[in-house]
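Below is one structure, written out as structure tokens; the observations come after it.
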Amino acid sequence: MAKRWICMSALLFFLWVILSGKFEAKFIISGAVCSMVVAALCLPIMRVKKGERSYFVVSVNPLKLFGYFLWLVKEIFFSAIDVCRAILSNRHISPQLVRFRCSFENPSATVMLVNSIILTPGTVTVDVSDDDEFLVHALTDGAAEGLLEGEMMRRIARLYGEEPKGVKR
């Protein structure tokens, strides 16, 4: 628990320094103290229970997370181009609801998948049932096919150290 507190305090302090841009001693000290206090307050609520196991919400490798972030930004860019092309041509729009199952051991991975789908233009997560069935609205056939290929799910599974599980329609 102390290791997680130190890591979270350091991350919060790093973000504070980047966002504030203040390097005077009084600001550095107050930023460090605030980071430590916020980390201490947040750690107890960042543990998620699923069945008998307990998971820490942000227990991912930062380098893998950065790699996933870069891949997601690329996907967002190409999806935005696809949506713009569909809107401007007015031919490729075919809204549809796509259902698939994708289960992760860590509930945080499910949250990451839901948010990644929502961030990608042309797709919106409508519902996730208790038995890990996703209902997603896709604006185009390409968006629906991209979801069902399962690349996003495989990358998230690897991010959380799980075995990639295929998408089950």
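Being free of Cβ contacts under 8 Å to residues at least 40 places away in the same chain and farther than 13 Å from Met153 by Cβ is a condition met by no residue of the range 92-107. In the range 62-169, counting only helices (runs of 4 or more DSSP H) that sit wholly within it, the ones holding 2 or more residues that are surrounded by fewer than 14 Cβ atoms within 10 Å (Cβ to Cβ) span 62-89, 107-119, 141-149.
Coordinate-derived values only; no laboratory data. Predicted model only: the values in this text are computed from it and were never measured. Here Cβ is always computed from backbone atoms with ideal geometry, including for glycine, and neighbour counts include all displayed protein chains.
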